[in-house]
Each structure stands twice: as structure tokens, then as C-alpha cells.
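A short write-up of the structure that comes next.
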Number of protein chains: 2
Amino acid sequence: MKLSSKNIETRLDTVYDAIVVGGGMGGLSAAIYLARYGLKCLVVEKGRGRSFWMQDTRNFLGQDPTVPGRDIIQHGTDQALHWGADFLRGFVESVTDEGETFAVNVKIGKKDDVGHSLRSKYVVAASGIMDNLPKLENMQNVYDYAGYTLHVCMICDGFDMWDQRAALIVNTEGQAHAAFVLNWFTPYISVFTHGLFEASVELKQKLAEHGYPLYEQPIVKFHGENHKLSGVELADGTLVEATTGLVGMGSHYHNEYLQGIELEYSGKNLVTNEMCQTSHDRIFALGDLKQGLNQVSVAVADGTLAATQIWRTIRRASEPRKWEANIKVPAQL
Amino acid sequence: MKLSSKNIETRLDTVYDAIVVGGGMGGLSAAIYLARYGLKCLVVEKGRGRSFWMQDTRNFLGQDPTVPGRDIIQHGTDQALHWGADFLRGFVESVTDEGETFAVNVKIGKKDDVGHSLRSKYVVAASGIMDNLPKLENMQNVYDYAGYTLHVCMICDGFDMWDQRAALIVNTEGQAHAAFVLNWFTPYISVFTHGLFEASVELKQKLAEHGYPLYEQPIVKFHGENHKLSGVELADGTLVEATTGLVGMGSHYHNEYLQGIELEYSGKNLVTNEMCQTSHDRIFALGDLKQGLNQVSVAVADGTLAATQIWRTIRRASEPRKWEANIKVPAQL
């Protein structure tokens, strides 16, 4: 059922089997499975996640490559509701482990100061990441290209950059080394630091050896039309030709609500086992929040695995359902 | 490109980066990724695999739950071709490890006695399994219900069996224990051995304690209409009411072509690492052939992982592409 501030009161006494934080590709897959296992689950989706911004979904089997992420999300949301999941547009502020259950504090709308405390046996962290983009005075100029010809994922979109003039925009020395992977798809790479760090002599030399120019001035404007990039303008007036771009500036991890709970991380990524279970046996993590490839197909499989493991555990701890009418007293055996 | 006996000669000198054995959910996902990594790949599909028989695809994000598996397969085949993969309707007879490459012997059509030897650096085993079904004199009577109301996968279709009269058809004592999982979805379970094994006293007692009747006579006919099961008729004339069924009779693994190569198995399943690599570092295994859940979403993610790992290895061993026009002689640095 669709929940909102108007009917959330009906769920304050519910103990969900699982609350899924994030209604993107992984979270919705988990919700569809959980619902079809007959488990009580709630998806809390804040809106405008990474896949919402995907203008096309190139690599996901069964989808046309021009399908935007938001269409798949809408379809999945409808499916999850259809099979019996609850769905709430809201923001998870915190998760507190109360032993047998979690208290999940959710704010609904910007004016919700206190929030609502919901309870669940399991938490599925599916809130993903958001790529950092270069900050320009006019951010609309960035959004005009991001997700179209200015990409954030080489695995997803490298093919579409093939042999093009590519701008690689990075904010650390480490990210700049993506040039030496991107060159699988195109050798015509210009590297931009956006003035955010000073490249080492070693990096400068390696780039020069490969013929990849390095621009250390801040970017002031992207040029192009109809979402098609044509160039990058720098603070000193330089205009660098680029028909495509890759932004490698790290990501924001939407995992603040887990900060009160001790969990094992590898860098920023949650460590999980083969069923997406974190080091806390009642918290699962999917997709981009955990280690592994940031791909739609992986997040969708993660949802399958987490939901199945939650079902197995709940099922094994449940009383078996007997066909009472058929049970014979021992003497009759 | 679509290949056939008419144009296969054009590929006899090709060394593919990867030959994907099986064009089901996993194999097609792998092919789409491989092609979009710019790698030369060939999918060999024998036809009529497990997902071809799926009359509906309940749990796969982004698909309507009534979509038959064959529609997704057709869509994925078109996509793989669109991105540049080769596709051949044929049967892989054998794979021989020649050191740097594999020789993959493929027969095209039933009259092809000798086969064609194709070569690749990597082999992706995505040929899946096929569920064993009860053998009746009139197999059409089985096919009328299999995939509709007579299921083979509890995770996929348990929800659709909820509180129904369910026939559980098994061929071993071990499989009969599925009753004690299926009872999550319905307690109205009748267990059928189809006369294939004799149930132990312990099993009989446990079933009786749960109220699940056991029928040890061979099945002679499924009753119902329009693919909707209504009952199971036994050799002794008994008619047992059942509006749904689950067949747990094991599966045939389509992996005969790998028999000449030493690989690590767990039971019948190939052991793989987190990137679907088998114990042979140039052979990958996807979906139902490997350990893990037999789910569409998992197979599709497996294709992503295997293709990505193959790309990484090939890329790392390749000469980097330089932007020659920009390379300065050291003195100018």
C-alpha cells in the first residue's frame, strides 16, 4: 500500500519483516521478492536517486537501451505495490538496533521535524550513492549534459564514447588514472582537474607519454546543444574540444542512517557475504553501497539474494504449517 | 552478425575473445556486455532452454509478471546482435583447451556430422539446466501444465501456490523434504513419488505428522483445463485434488561439452569466484550451472560479472592506446 503522512499512523504498530531503505533498482527487486515470499515489507524512497537520473539503460537485459532509469523504477514500484509491499516517499534519518527489531526513523516531507518511528526485523540498505559532479556557477549547464554525453560510469557508457574526443574530469590524482582505462574505448582523452588538485610530476609525465593533455584550470562552462557536448571552456578562456565526457569525482554514499551501528566497511563500501548480508546479521546491503560493480543487473540480483536469505531465516524460525485435517493420532499410524 | 551453416565459413579463422555457450538470460547478458566492451564474441544457442519454457517471469525487475521468458530472450538476442555480437543456432559438442585458446566444436543442425571448429580465448558456460519432469505415456499432458500451474521453482512461483491444494512430485527421498519448505506457502500438500522410490519410515512419519498425504503409485494423468491443474490421477485410479503443483525431480545439467576439462564442482554445480570464474581461469560459468540461486536476476548479473572480468584481463594485457598526435618527445617535456 502507498503510505504518506496521511496514513502512516496505521503502520506505527506494525513490525515489518524488512524495511528497505531506497526504492532504486536493488531495493525494488528486494521488495518484489520479499512481497512474493509473503513477508511484510516497506520501501522508503527519498526520490531522485542515481538510477532516476539515468537517461538510458544500456546494458540491462530485456530493456531497450533508450529506456530511462526512472521508467524501470516506476514499473518496479508498481510491481512491489501490486504484490503487497508498502511504499513510502520519505527520508530515513536513523536506524537503531533494539535487539530483536530495528527502530527506523523516517521523515516525511521537509516540514516533518520529529519523524515517525517504524519497526522491522531486518533492514535492507539499498539507498545507493550519488556521483559528485563538477560544481559550476550555473549547475543547469552541468545537468544539460550529465547522463547524456557526460557520463559517470565507464562500464555502462564506455562503448558510446568509442574513439571520441573525451573529457575526463577528476578531482584527485587517483581518479586521473582512469585515463589509462578509458583509453580502451578512446585514445583522444583530455584530463581536467577543475583546479581541485595539483597533478604530480609522475602523473604529468605519464599523461604526456600517452599524449593526453592535462588542463588544471577550473572549468567554467560546457559547450554543446541538445545534451550533446562539443567542448569544455576553462577559466583562462581556453576552449577544449570534447564530444563526450567522463566524470570521476567520487560519490556520496547515502548511508548516514547506519552510522549508529557498527558495520564492516572496505573503504566506503559495506562488506557483505554472498547473500548480501553485512557483518550485522539483520542488515543487508545492495548495489552501489556494497563492494562490487555498480551495475543495475548486480543491484537487481542483490535484491533477490538479500530477500531470499531473509525469507530463509524467518521461515526456518517459524512453526511449520500443518494440514490439520489430515493429521492422524499416533495410534492410527 | 547472425551466423548459420551458410556463412559459418567466414568465422573459421576468427579468434573470438569469448564464445558464450547458451543464449539464455545469463549468456545474453554476457554477450551484451562483451560486445559493448568492444570484444569479439559469439553466442551459440541450441534453443529451447529453461527460460524459453517460462510462461511468465514473476520476479524480474522491469518486466511485467506475465512476460514469457522467450520474449526476454528474443529481445536480448536482438540487443546482442545490435551491439555487435555474433549469434549462431547450434549445439556445442566439445571444448578443447589448446593453451592460449579453446577449440569449440559446434554442430549446426541435426545432419551436421562433423561440426565446425571455432576458436576463442575465453569460454562462458551459460548453457543452464533443464528440470526433469514426470514421464507419462502422453507427455503433452505434462506440457499442458508445466510452467503454468505445475511449477519447477518454489522461489519463482511459491507465491502463486498460496494456500492452494498442491501436488509435490518428487523422485528421491531428499526431494520429498521440499514439502517442509513448500509449507511456507501452503499446508495443503500431497506428495507423489510417481512410483520411483520407496519412502522411508521416517519420511512417512514426518509427512503424517504434518498431515501431508503420500501417494506412491505412478501418476498416469494430470486433470484440468486451460493449463489450470485440477487433479492428479494415479495408476490405481485414485484422483487426488490439486490446483497447483511443484515438480522436484532434479535437473539435467547442460555441461557435457566441458567433460574434457578438469573443473571444480560442488555436487553438479560449478564452483566459481565472485566474478563467475571457474577453477580454470579462462572458463566462466553463469546462472544455473554454477552454485547459487537459479533465478533470472542472478544469471543476468552473472553475465555482467563474467564479461567484465574477461574485459579487465584482456585490457590489462593490451598495449595502451595513445593519442599519437599529442605525444611530445622527452626534450619538449
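Here are the numbers for this structure:
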{"item": "Some residue of segment A:189-206 being under 15 Å from residue A:134 (Cβ atoms), open to solvent by 60 Å² or more (accessible area, probe 1.4 Å) and in contact with a helix residue (DSSP H, G or I) (Cβ under 8 Å, 6 or more places away or on another chain)", "result": "no"}
{"item": "Options B:240, B:232, B:300: the member that is in a strand (DSSP E or B), touching a Phe, Trp or Tyr at 6+ places or on another chain (Cβ under 9 Å), within 14 Å of chain A (Cβ to nearest Cβ) and not aromatic (Phe, Trp, Tyr)", "result": "B:240"}
{"item": "Restricting segment B:252-279 to residues that are surrounded by fewer than 21 Cβ atoms within 10 Å (Cβ to Cβ) and hydroxyl-bearing (Ser, Thr, Tyr), the residue that is nearest to the other protein chains (Cβ to nearest Cβ)", "result": "B:266"}
{"item": "Which numbered condition residue A:294 misses (of (1) part of a helix (DSSP H, G or I); (2) more than 8 Å from chain B (Cβ to nearest Cβ); (3) under 22 Å from residue A:53 (Cα atoms))", "result": "(1)"}
{"item": "Enumeration of residues in segment A:306-333 that are more than 7 Å from chain B (Cβ to nearest Cβ) and under 27 Å from residue B:305 (Cβ atoms)", "result": "A:306, A:307, A:309, A:310, A:311, A:312, A:313"}
{"item": "Residue B:216 being more than 30 Å from residue B:21 (Cα to Cα), within 14 Å of chain A (Cβ to nearest Cβ) and surrounded by fewer than 18 Cβ atoms within 10 Å (Cβ to Cβ)", "result": "no"}
{"item": "Complete set of residues in segment A:294-323 that are under 23 Å from the mean Cα position of the chain (by Cα) and open to solvent by 20 Å² or more (accessible area, probe 1.4 Å)", "result": "A:294, A:296, A:305, A:309"}
{"item": "Where residue B:246 falls short, out of the listed (1) over 27 Å from residue B:182 (Cβ atoms); (2) away from every other protein chain (no Cβ under 11 Å)", "result": "(1)"}
{"item": "Single residue of segment B:55-80 satisfying the filter (hydroxyl-bearing (Ser, Thr, Tyr) and surrounded by 16 or more Cβ atoms within 10 Å (Cβ to Cβ)) that is nearest to residue B:153 (Cα to Cα)", "result": "B:57"}
{"item": "Unmet criterion (only one of (1) assigned to a strand (DSSP E or B); (2) open to solvent by less than 10 Å² (accessible area, probe 1.4 Å); (3) of a type outside the set (Val, Ile, Thr); (4) out of contact with any helix residue (DSSP H, G or I) (no Cβ under 6 Å at 6 or more places or on another chain)) for residue A:222", "result": "(4)"}
{"item": "Restricting segment A:105-147 to residues that are surrounded by fewer than 17 Cβ atoms within 10 Å (Cβ to Cβ) and of a type in the set (Ser, Thr, Tyr), the residue that is farthest from residue A:171 (Cα to Cα)", "result": "A:117"}
{"item": "So residue A:282, is it of a type in the set (Lys, Arg), within 14 Å of chain B (Cβ to nearest Cβ) and open to solvent by 30 Å² or more (accessible area, probe 1.4 Å)", "result": "no"}
{"item": "Count of residues meeting criterion [open to solvent by 20 Å² or more (accessible area, probe 1.4 Å), among the hydrophobic types (A, V, I, L, M, F, W, C) and closer than 15 Å to residue B:227 by Cβ] in segment B:148-173", "result": "1"}
{"item": "Residue list for segment A:27-48, filter: more than 9 Å from chain B (Cβ to nearest Cβ) and either of a type outside the set (Gly, Ala, Ser) or out of contact with any strand residue (DSSP E or B) (no Cβ under 7 Å at 6 or more places or on another chain) (or both)", "result": "A:34, A:39, A:40, A:41, A:42, A:43, A:44, A:45, A:46, A:48"}
{"item": "Checking residue A:18 against (1) over 27 Å from residue B:35 (Cβ atoms); (2) open to solvent by 10 Å² or more (accessible area, probe 1.4 Å); (3) in contact (Cβ under 8 Å) with a residue 40 or more places away in the chain, the condition it does not meet", "result": "(2)"}
{"item": "Qualifying positions in segment B:239-251 - of a type in the set (Gly, Ala, Ser) and surrounded by fewer than 23 Cβ atoms within 10 Å (Cβ to Cβ)", "result": "B:250, B:251"}
{"item": "In segment A:302-324, the residues that are in contact with a Gly (Cβ under 7 Å, 6 or more places away or on another chain) and closer than 26 Å to residue B:167 by Cα", "result": "A:322, A:323, A:324"}
{"item": "Residues within segment B:161-213 that are more than 14 Å from every other protein chain (Cβ to nearest Cβ) and under 11 Å from residue A:322 (Cα atoms), tallied", "result": "0"}
{"item": "Selection from segment A:58-72 of residues that are touching a helix residue (DSSP H, G or I) at 6+ places or on another chain (Cβ under 6 Å) and more than 8 Å from every other protein chain (Cβ to nearest Cβ)", "result": "A:69, A:70"}
{"item": "Those residues of segment B:81-104 which are in contact (Cβ under 8 Å) with a residue 60 or more places away in the chain and surrounded by fewer than 20 Cβ atoms within 10 Å (Cβ to Cβ), in sequence order", "result": "B:81, B:89, B:93, B:94, B:96, B:97, B:101"}
{"item": "Candidate set from segment B:303-330 (those that are small (Gly, Ala, Ser) and part of a helix (DSSP H, G or I)); member that is farthest from residue A:290 (Cα to Cα)", "result": "B:325"}
{"item": "Residue match in segment A:81-91 (condition: more than 12 Å from chain B (Cβ to nearest Cβ) and of a type in the set (Asp, Glu))", "result": "yes"}
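Rundown of residues vs (1) closer than 30 Å to residue B:196 by Cα; (2) among the hydrophobic types (A, V, I, L, M, F, W, C); (3) touching a residue at least 60 places away in the same chain (Cβ under 8 Å), yes/no style:
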{"site": "B:235", "(1), (2), (3)": "yes, yes, no"}
{"site": "B:239", "(1), (2), (3)": "yes, yes, no"}
{"site": "B:246", "(1), (2), (3)": "yes, yes, yes"}
{"site": "B:249", "(1), (2), (3)": "yes, yes, yes"}
{"site": "B:257", "(1), (2), (3)": "yes, no, yes"}
{"site": "B:264", "(1), (2), (3)": "no, no, no"}
{"site": "B:272", "(1), (2), (3)": "no, no, no"}
{"site": "B:297", "(1), (2), (3)": "no, no, yes"}
{"site": "B:304", "(1), (2), (3)": "no, no, yes"}
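The values are calculated or read from the model by the stated rules, or taken from the named source; none is laboratory data. This is a predicted model, so every value here is computed, not measured. A quick note on method: Cβ atoms are made from the backbone with ideal geometry, for glycine too, and the neighbour counts reach across all protein chains shown. We work out accessible area using only protein heavy atoms, side chains counted, and drop any ligands, DNA or RNA first. Shrake-Rupley method; radii C 1.70, N 1.55, O 1.52, S 1.80 Å.
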